[in-house]
């Protein structure tokens, strides 16, 4: 992770230059603003300006028929013929005007709703289009790097969430335990080791995990850059700590037993040979002075 410090906030003002300013009418100016914010075409701009509810029903019928045969222009006469033969609508029969109206509206309902949805879609920016920023706050980081303030705030929120999770993890870490199994005269016995973390240990864990970039720089960066061997070894030891700790425990136990057996007859527990006392003429000599509650043994 990285640490950032807000040193200054600058304003970058980007003025969009319109080379046709003074030569365009209000509709053109509206389109220029629309294109700047959405990235869409003039045709799409003009389409969303239409009042679709005011379009005559027969025009909708014509539009729908045009979709059926897009390679030629549909005439009004063909529209009337279609209504008469396919929908049984007689536009000249005034007695059936209301009935005819229902039939036509039902026929054009889908294309009309589709067009209204398309209008709403055209009001949104095109995919992957980023509108021009008229004013954007810039944050200068401690290392001199600059970024948008919105991006900076997002990173800060993500970092706070990360540090909070690290604190929870460290608080729940109470001890380090290694479990092993040894054989004693053919019988398997547990050999365990437990280390209780101190407050200093937890403080160190929190500091290192909260600033991973700083930890790597402090421990693995040198004059020649990153010490890859040291880093790789560090990661490997951490991932296999239990295995190496178990091996060390067994080795220490084996050496302890070996030393104990080697010195089992040596009361001084040394590797040196015990010197014998000279025999006295009148007696059997004396044992090595062995203090027992402050008294020696003399024969």
- Query: Which members of region 82-105 meet the condition of being modelled with pLDDT under 75 and either part of a helix (DSSP H, G or I) or on the phi > 0 side of the Ramachandran plot (or both)?
  - Reply: 94, 95, 96, 97, 98, 99, 100
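Restricting to region 50-80, what's the tally of residues that are assigned to a helix (DSSP H, G or I) and either closer than 14 Å to residue 108 by Cα or not assigned by TED's automatic domain parsing to the domain that holds residue 90 (or both)?
So the count comes out to 16.
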- Task: Would you please list the contacts, defined by Cβ atoms under 6 Å and residues six or more apart or on different chains, that run from a residue in region 25-36 that is surrounded by 13 or more Cβ atoms within 10 Å (Cβ to Cβ) to a residue that is part of a helix (DSSP H, G or I)?
- Result: 31/42; 31/45; 34/45
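The values are calculated or read from the model by the stated rules, or taken from the named source; none is laboratory data. From a predicted model like this one, the values you see are computed outputs, not experimental measurements. No Cβ is skipped: glycine too gets one built from the backbone with ideal geometry, and neighbour counts run over all protein chains shown.
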